[in-house]
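The structure appears right after this line, and notes come after that.
The values are calculated or read from the model by the stated rules, or taken from the named source; none is laboratory data. Keep in mind that what you see is a predicted model, and the values were worked out from it rather than measured. Cβ atoms come from the backbone with ideal geometry, glycine included; neighbour counts cover every protein chain shown.
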């Protein structure tokens, strides 16, 4: 969560010292990567599909203001009430107002990262409204009062034994079992009662079609369909970037999403919601509300380079292949969006003062760029945010928050040394003579040597060795 006590370094070190957590992630990530690779075994198809997916997202972003207006117009025509929220506080207030108007006491929620961004469950609880997660993974972490560890598989950091113990401790009359089917059945029995008694269903949106005013949701468990069908009121929350232009844009995006996220050709359920229940229909909500959240996205959109952050289709593939995320897990980021996409999205939303460490939690190995199904230049955006962190400017919230006069002087000294042959020779001569005598505890070396070997300097410089061979200095 966004607060002054966020310390990514401390949380990462704690995660690295948890052998069970690392084992859980290693096993899960190896399986996810191999299954995804099998889905895109044809290299030509992969490159063609991701080029198409990128073009769909880029076209939508190029027309974003126009498409959002068109979406509102067509949703309204279909009977869906559209609400606009600049901040998460506004979005929460809109949801609460709807729920109070219908005297709601219980909401069931399908999986929604935007609701995590809003911290919606905690907000509703403060106002006396129970909000229960219907997605199995989200239900598990809700029982344990945790944030999601992954945007697709929120409970991926837990193994079967941990979940079995959690269910026994938290669910009334539950017996300990490690049988996955029994655990799933137990959760289903609890949640089915909630579905039938809920006053409101809350969901996310995977894609909103401007052309038809259609809300598209994909899922595997059927909870999304229950959430959007059984309760009399359905509230969908989405970030403003989720709009696509045409209905024909949905299949390529969904194909890339499902194959990248869960290594499935298609998910079990694809829900296309265009209107509330009509006269003569036997199911469906009587009201549908769409809450479109900004929360910094407009500022991101205003910068032509940073705008590419908004291409994301939330597949999680970048996380599964990231050498940092796969070792420290999602909770180390203490953010609704962890991993590579979180490292470029969250600092722009919450500011570099609070989240300045996130863009630095990257090896620049480019694995996320190579695997992204819509070709987001994540590493390049990471570099841009690192630059923004030390240079004040209008593009990113709290730009310049990490500026250091001492660091600036060091870099000026480095530039002066490497731009002057005389200064360079003097520096290398001194380092060759006395560099190895410097203790590892020296402040300039302490951070480096805490996790790496101390650099060793050669006894003679390259220039000296070249002169011995008769090669003149240039």
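Looking at the range 83-90, is at least one residue in contact (Cβ under 8 Å) with a residue 40 or more places away in the chain and farther than 19 Å from residue 295 by Cβ?
Within the range 83-90, not a single residue is in contact (Cβ under 8 Å) with a residue 40 or more places away in the chain and farther than 19 Å from residue 295 by Cβ.
Criterion first (outside any helix (DSSP H, G or I), over 33 Å from the mean Cα position of the chain (by Cα) and over 30 Å from residue 304 (Cα atoms)) does residue 458 satisfy it?
yes
Would it be correct to say that residue 284 is touching a helix residue (DSSP H, G or I) at 6+ places or on another chain (Cβ under 7 Å), modelled with pLDDT under 95 and either surrounded by 19 or more Cβ atoms within 10 Å (Cβ to Cβ) or assigned to a loop (DSSP other than H, G, I, E, B) (or both)?
Answer is yes for this residue.
In the range 64-117, how many residues are farther than 16 Å from residue 201 by Cα, touching a helix residue (DSSP H, G or I) at 6+ places or on another chain (Cβ under 9 Å) and in a loop (DSSP other than H, G, I, E, B)?
1
Against the definition (under 25 Å from residue 304 (Cα atoms) and either part of a helix (DSSP H, G or I) or at pLDDT 95 or above (or both)), how does residue 26 come out, yes or no?
Considered against the rule, which asks whether it is under 25 Å from residue 304 (Cα atoms) and either part of a helix (DSSP H, G or I) or at pLDDT 95 or above (or both), residue 26 comes out as no.
Results for (1) free of Cβ contacts under 8 Å to residues at least 24 places away in the same chain; (2) over 24 Å from residue 253 (Cβ atoms); (3) assigned to a helix (DSSP H, G or I), shown as yes or no for each residue.
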site	(1), (2), (3)
322	no, no, no
344	no, no, yes
348	no, no, yes
354	no, yes, yes
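Looking at the range 118-127 only, could you name the residues that are without any contact (Cβ under 8 Å) to a residue 24 or more places away in the chain and touching a helix residue (DSSP H, G or I) at 6+ places or on another chain (Cβ under 8 Å)?
The one that is without any contact (Cβ under 8 Å) to a residue 24 or more places away in the chain and touching a helix residue (DSSP H, G or I) at 6+ places or on another chain (Cβ under 8 Å): 121.
Would you pick out the residues in the range 408-453 that are closer than 22 Å to residue 13 by Cβ and part of a helix (DSSP H, G or I)?
443, 444, 445, 446, 447, 448, 449, listed by residue number.
How many residues does the range 225-255 hold that are outside any loop (DSSP other than H, G, I, E, B) and within 21 Å of residue 373 (Cα to Cα)?
16
Determine whether the range 214-224 contains at least one residue that is in the same structural domain as residue 112 (by TED's automatic domain parsing), in a helix (DSSP H, G or I) and in contact (Cβ under 8 Å) with a residue 12 or more places away in the chain.
The answer is yes, given that some residue of the range 214-224 is in the same structural domain as residue 112 (by TED's automatic domain parsing), in a helix (DSSP H, G or I) and in contact (Cβ under 8 Å) with a residue 12 or more places away in the chain.
Can you confirm whether residue 400 is surrounded by fewer than 16 Cβ atoms within 10 Å (Cβ to Cβ) and on the phi < 0 side of the Ramachandran plot?
No: the conditions fail for residue 400.
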